[in-house]
1. Top mean-square fluctuation among 28, 71, 99, Gaussian network model of the chain, C-alpha springs under 10 Å?
2. Summing -39500 (n - 2.57) over the DSSP H runs of n ≥ 4 in the chain and dividing by its residue number, what mean residue ellipticity at 222 nm do you reach, to the nearest 500 deg cm²/dmol?
3. Of the residues 55, 36, 93, which exhibits the maximal mean-square fluctuation in a Gaussian network model of the chain defined by a 10 Å Cα contact cut-off?
4. Show me, bin by bin at 5 Å from 0, the whole-percent P(r) of the chain based on Cα pairs.
5. Subtracting the Cα-Cα distance from 0.36 nm times the residue separation, let me have the gained length for residue 13 to residue 37 in nm, one decimal.
């Protein structure tokens, strides 16, 4: 019997400090464009559960996603994160209050 081989996709871990308060509110809506999952939906130590979004690796799909994110009300800062992830060929992003700090990306204190 052959050993199963799985496709593996990269996921970035990004702190919600890199998005606006309004972005965090919109992110909590599960019908938001690109929203894939809420990782830890139970209220924990932070008030923000981790949310996973698809970045879309196909160019046309990615452009459509960016337009949808803007149309939904996400900030330019939020959209810039997606552009940077696309350039780095990252398929998914998890936003979380305890997520990773990213050099070169705007920070917001809210």
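Bear in mind these aren't lab numbers, they're just calculated from the coordinates by the rules spelled out. Here the structure is a predicted model, which means the values were calculated and not measured.
1. 71
2. Using -39500 (n - 2.57) per qualifying helix, the result is -9000 deg cm²/dmol.
3. 36
4. Using 5 Å bins, I get a P(r) of 2, 12, 23, 26, 19, 9, 4, 3, 2, 1, 0 for the chain.
5. Extending this stretch completely gives an extra 7.3 nm.
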